[in-house]
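> This structure is in structure tokens; I'll ask about it shortly.
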Amino acid sequence: MSFHLGGNTLRVSAKLFVENRQRLVKALKEKVSGPGAVVVLEGGHEKNRYNTDADDLPFRQESYFFWTFGVQESDAFGLIDVDSGRSVLFPPRLHPDYAIWDGKIEPESWFKTKYEVDEVHFHDEKTAAIADKLKELKASKVYLLKADNTDSGNVLPPAEFKGKDGFTIDNDALYPVIAELRVFKTDLELEVLRYASKIASDAHKAVMKHIKPGLFEYQCESLFRHTSYYTGGCRHLAYTCIAASGCNGSILHYGHANAPNSKEVKDGDMCLFDMGPEYNCYTSDITTSFPVNGKFTEKQKIIYNAVLDANRTVLREAKIGVKWADMHRLSEKVILTHLTNAGLLHGDVDAMVEARLGAVFMPHGLGHFMGLDVHDCGGYLGDAEPRYKVPGLKSLRTTRTLRERMVITIEPGCYFIDFLLDGAFADPKLSQFMNKEKIAEYRGSGGVRIEDDVVIWEKGNENMSQVPRTVEEIEALMADR
């Protein structure tokens with residue numbers, strides 16, 4: 001069967017997850033020895049606010065479980081017998097009252113057909129369905145997933161199920177295998193990611209066509225959300241929308257509860273809109289920067305073209321075998337060169353990069369892996385260099401060498417952040433390069449970020465984003481409003 005929301009939305013075959021399970025079995029057979037290896041994964045659980053029983057927090061499946069089984073429903077478990085490759089799904093046994101409040105109670109056969117697994121057995125708190133199956137399989141070792149996230153510091157705990165204590169458990173071996181598999185996308189996964197990026201692109205263009213002075217940032221966010229869902233079937237966003245205008249463009253994670261996209265958009269503002277929906281749990285992440293009135297000033301062109309040049313240079317040079325940290329340094333060098341040519345800086349650009357002046361104007365990392373999470377897993381596995389400790393580079397979400405089928409964002413930026421500028425002017429190592437009077441002309445203008453979703457290929461990289469990028473393209477789109 002497939003996931004499909006009708007109309008022109010993408011049809012996602014359950015074969016995507018069958019293939020993922022096959023990849024996992026193959027990889028585990030190369031890592032574990034002896035018969036009786038079995039994987040058990042626990043899906044996500046619905047959560048409500050503490051003082052209500054209403055389903056007021058929309059459910060989104062846990063990503064590792066979804067990668068493996070593609071299951072949309074909550075409170076499920078999944079099992080894979082590594083020896084045979086057979087898969088077993090354990091949906092929750094629902095109370096009969098479910099049919100009153102939440103809809104039809106489907107039989108086990110419905111889940112078996114929908115998700116193309118080999119067996120389905122309901123589980124509940126009273127029975128030990130998972131443990132019984134493990135005994136039937138004569139499981140010698142049960143592999144559970146304990147997943148550390150190198151960005152958030154959060155840990156996904158191993159599955160908990162009745163009868164677990166009766167088996168030999170391994171909480172460590174599964175994570176590096178399954179996380180590494182998620183780094184490299186299959187053809188079927190790429191199809192979904194392309195679709196999510198297309199819908200994100202369409203929604204960004206809709207905002208660019210409708211924005212005008214006097215609107216509020218949240219109205220632009222609302223239009224983006226509506227377009228993503230109404231035309232693309234994307235119910236969920238991949239992250240909180242950043243709909244920044246004017247000075248807010250220098251707040252890197254604008255849009256959160258303390259800065260909730262609430263400013264009125266003014267004539268002359270630059271907008272920095274970092275927004276992306278997800279489809280069937282696969283994400284997108286695109287940032288557009290443009291003038292609200294549709295016409296760049298000369299100063300806006302200088303900063304925008306600096307960032308665009310960095311974006312296009314990295315897109316061209318991010319080849320297989322290249323270290324991502326080197327691409328970050330390259331993007332800094334391109335931006336600093338433009339700022340030097342415009343008179344904001346002076347001196348040797350390579351010396352600026354070495355002194356970490358680039359981090360004053362671009363304190364974040366150049367990009368990140370993307371897939372079932374917008375900041376996808378695996379950034380510090382494989383051949384990754386240890387996390388840097390110096391400004392800018394310490395914010396990299398991966399330091400790996402690029403390989404084919406990685407999906408990564410390329411998102412250089414240039415911002416005028418008072419806190420960082422003031423600190424740099426107070427540091428002789430940095431201030432020697434800086435023209436204080438010229439930089440003052442740009443304070444309060446916010447910033448520019450240009451972010452694309454890119455697949456790394458031997459034949460040349462694929463940019464999945466489909467939005468106008470040059471000054472001329474943006475002005476032409478916004479003139480046709």
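> Can you work out which of the residues in the stretch 98-147 that are in contact (Cβ under 8 Å) with a residue 24 or more places away in the chain and small (G, A, S) is most open to solvent (accessible area, probe 1.4 Å)?
If we take residues in the stretch 98-147 being in contact (Cβ under 8 Å) with a residue 24 or more places away in the chain and small (G, A, S), then S140 is most open to solvent (accessible area, probe 1.4 Å).
> Still on this structure, please answer the following. Residues being assigned to a strand (DSSP E or B) and either among the acidic types (D, E) or open to solvent by 10 Å² or more (accessible area, probe 1.4 Å) (or both): count how many of those fall in the stretch 270-286.
Filtering the stretch 270-286 down to residues assigned to a strand (DSSP E or B) leaves 270-275, 277-279, 282-283, 286.
Imposing the further condition that a residue be either among the acidic types (D, E) or open to solvent by 10 Å² or more (accessible area, probe 1.4 Å) (or both) reduces the set to 270, 274, 278.
Matching residues across the stretch 270-286 total 3.
> Criterion first (in a helix (DSSP H, G or I) and under 30 Å from Y98 (Cα atoms)) does F59 satisfy it? Break it down into steps so the answer makes sense when it comes.
On the way: in a helix (DSSP H, G or I): no; under 30 Å from Y98 (Cα atoms): yes.
Criteria not met by F59.
> Need the failing condition index for D267 against (1) more than 29 Å from H375 (Cβ to Cβ); (2) part of a helix (DSSP H, G or I); (3) not β-branched (V, I, T), just the number.
Evaluating D267 over (1) more than 29 Å from H375 (Cβ to Cβ); (2) part of a helix (DSSP H, G or I); (3) not β-branched (V, I, T) leaves (2) as the failure.
To keep it simple, each residue is scored yes or no on (1) closer than 30 Å to E217 by Cα; (2) in a loop (DSSP other than H, G, I, E, B).
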position	(1), (2)
T288	yes, no
G294	yes, yes
K299	yes, no
Y304	yes, no
L308	yes, no
D326	no, no
R329	no, no
V334	no, no
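> Do any residues in the stretch 462-481 that are of a type in the set (D, E, K, R) have Cβ atoms under 7 Å from those of residues that are in a strand (DSSP E or B), where the two are at least six apart or on different chains, and which pairs are they?
Correct list of pairs: E462/V454; E462/V455.
> Using the structure shown, decide if G7 is among the small types (G, A, S), exposed (fewer than 15 other Cβ atoms within 10 Å of the Cβ) and over 21 Å from T113 (Cα atoms). Can you show your working first?
Working: among the small types (G, A, S): yes; exposed (fewer than 15 other Cβ atoms within 10 Å of the Cβ): yes; over 21 Å from T113 (Cα atoms): yes.
For G7, the condition - among the small types (G, A, S), exposed (fewer than 15 other Cβ atoms within 10 Å of the Cβ) and over 21 Å from T113 (Cα atoms) - is met.
> Moving on to the next point. Of the residues that sit in the stretch 158-210 and are part of a loop (DSSP other than H, G, I, E, B) and of a type in the set (A, V, I, L, M), which one is nearest to L137 (Cα to Cα)?
Start the filter on the stretch 158-210 by keeping residues that are part of a loop (DSSP other than H, G, I, E, B), which leaves 158-163, 167-168, 171-173, 185-186.
Adding the requirement that they be of a type in the set (A, V, I, L, M) leaves 159, 173.
Details: A159: 18, A173: 20 Å.
Checking each candidate, the answer is A159.
> Failed condition for L393, given (1) among the hydrophobic types (A, V, I, L, M, F, W, C); (2) touching a residue at least 60 places away in the same chain (Cβ under 8 Å); (3) open to solvent by 50 Å² or more (accessible area, probe 1.4 Å), with all others met?
(3)
The values are calculated or read from the model by the stated rules, or taken from the named source; none is laboratory data. Everything quoted here is computed from the prediction, not taken from an experiment. So basically every Cβ, Gly included, is an ideal-geometry build from the backbone, and we count neighbours across all protein chains shown. The accessibility values were calculated without ligands, DNA or RNA, using every heavy atom of the protein model including side chains. Shrake-Rupley method; radii C 1.70, N 1.55, O 1.52, S 1.80 Å.
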